[in-house]
Structure formats: C-alpha cells, structure tokens
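Written out below as structure tokens is the structure these notes cover.
The values are calculated or read from the model by the stated rules, or taken from the named source; none is laboratory data. All figures in this text were calculated on a predicted structure; none of them were measured in a lab. Don't worry about glycine lacking a Cβ; one is built from the backbone with ideal geometry, like all the others, and counts go over all protein chains shown.
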Amino acid sequence: ILADARAKQADPLAAIQPKRIALYVGGPVAIVWLIAFLFTGWISKAIAGVLTIAFAVVLWYVWRRLQRTRKVVDIVRGADSAEARKDAIAKLETDFKKDDASAIMAKAQLQMQDDPREALRTLETVKLDKVMPQEADEVRVQRAMVHLMFGETENARELVDRVDIERHKDAKSRATVAAIIAEAWARSGQAKKAVELLDKLTIDKEL
C-alpha cells in the first residue's frame, strides 16, 4: 500500500476546489439578495451588501491561495533530475515565505527522492496549529509515510491517528490518505481496522 501511495501523492490543488467554493458562496449570496428585495427600505440592502463584500473577501482569499499553489506546482513539475530538483528547491525557498505550507510540502516532495530524512525535517517545520486542518492532515500523512519507510511505526501511528479522513473529499487525495493510514494501522497490529477503512471508502470505485 505504501509504495502505491508514494506513486500518487495528493495533488497540491486538491485541497482547493474553486468551483465547489464558488457554488457554496454564490448560492447564499443570491438568497441573501432575494430576501433583501422582499423588504422595503435600505437596511436589508445594506446588510446584503456587507455580506456580499464578506463573501467576496473569502473568494479573493481562495483565489490568492489557488494562484500561489499553482505557482508551486509549476515550479515542481519540471524537476525531473537531481539538478532540476535542487533548482526548484532554491526557487521555492526564495519565492515563498518560510511558513508557506504549500511550498514546504512541495519542497519535501522534491527532497523525498534524494533524502527522505531531510524531507521529514522539512515537513516538521510546518506549524500544524497555524495551517488549515486539511493542510495539517496532509503534512501529518507525508510525515507518517516517511516514518513508515524507515520502519518507525509508532511515530507514523501517532500522526495518522490525528488525521480526519472526512476532510478529504477529492477521490485521489482521499485514497492516498487512506492508504497511508491503513498501512500505519496494519503495521501496528490493527489490520482489521485498516481493512475496514479501505472497504468503507471503496477506493477502487472512487478511482
């Protein structure tokens, strides 16, 4: 399972789903304005306007994150040699803030091919309480994967037990997360629990 999970690590863009977010935001905005026009006077319109601005700020934030993540993906995409990976890592370090979770995870994925221990140290720099829950889960899963590579089952188990798989809606991302969780559980004597997780997700159908 672990080898398969390494071959299809989560797409950095999977955590951000613009169409889904636009639908969730656009729907409430339309309802708010519909209700506002049912009432006379300016107060209801003013409230609707404030809420619209708030929703617009949310969309702007998501758009900025999406653009930043796409830039990370573009940097990593062509890193298919040791020299290219070195250049990509240097670019990630200079073009992004030191606490940018997307850049840190991308850097770790590049380091993973040459020095998994260094990748683990990079991932450990992410402050899990300062990033979005789904990003924190992805960091935990990547760290757990490295621990499993070195046979450090207890370390991996401690990390995956704090992952909430329900936060991962993208099918491929969910499958990768589930595979690593199941591997950690199976190696730590919870094989039945691991099988039940994989059966519940019906990963083959999702993919």
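One residue stands out in the stretch 174-207 among those that are outside any helix (DSSP H, G or I) and modelled with pLDDT of 90 or more: the one that is surrounded by the fewest Cβ atoms within 10 Å (Cβ to Cβ), namely GLY189.
Evaluating ARG121 against the criteria (1) closer than 25 Å to VAL163 by Cα; (2) touching a helix residue (DSSP H, G or I) at 6+ places or on another chain (Cβ under 8 Å); (3) at pLDDT 90 or above leaves one unmet condition, (2).
Evaluate the following for LEU110: is it surrounded by fewer than 16 Cβ atoms within 10 Å (Cβ to Cβ) and more than 19 Å from GLN134 (Cβ to Cβ)? Taking the combined requirement at face value, the residue does not satisfy it.
Take GLY26 and decide whether it is over 22 Å from VAL139 (Cα atoms) and at pLDDT below 75. Spelling it out, GLY26 is indeed over 22 Å from VAL139 (Cα atoms) and at pLDDT below 75.
Contact map, the stretch 124-153: residues that are more than 12 Å from ALA101 (Cα to Cα) and in contact (Cβ under 8 Å) with a residue 40 or more places away in the chain paired with residues that are of a type in the set (Val, Ile, Thr) and assigned to a loop (DSSP other than H, G, I, E, B), Cβ distance under 8 Å, separation 6+ or inter-chain. Pairs shown: VAL141/VAL163.
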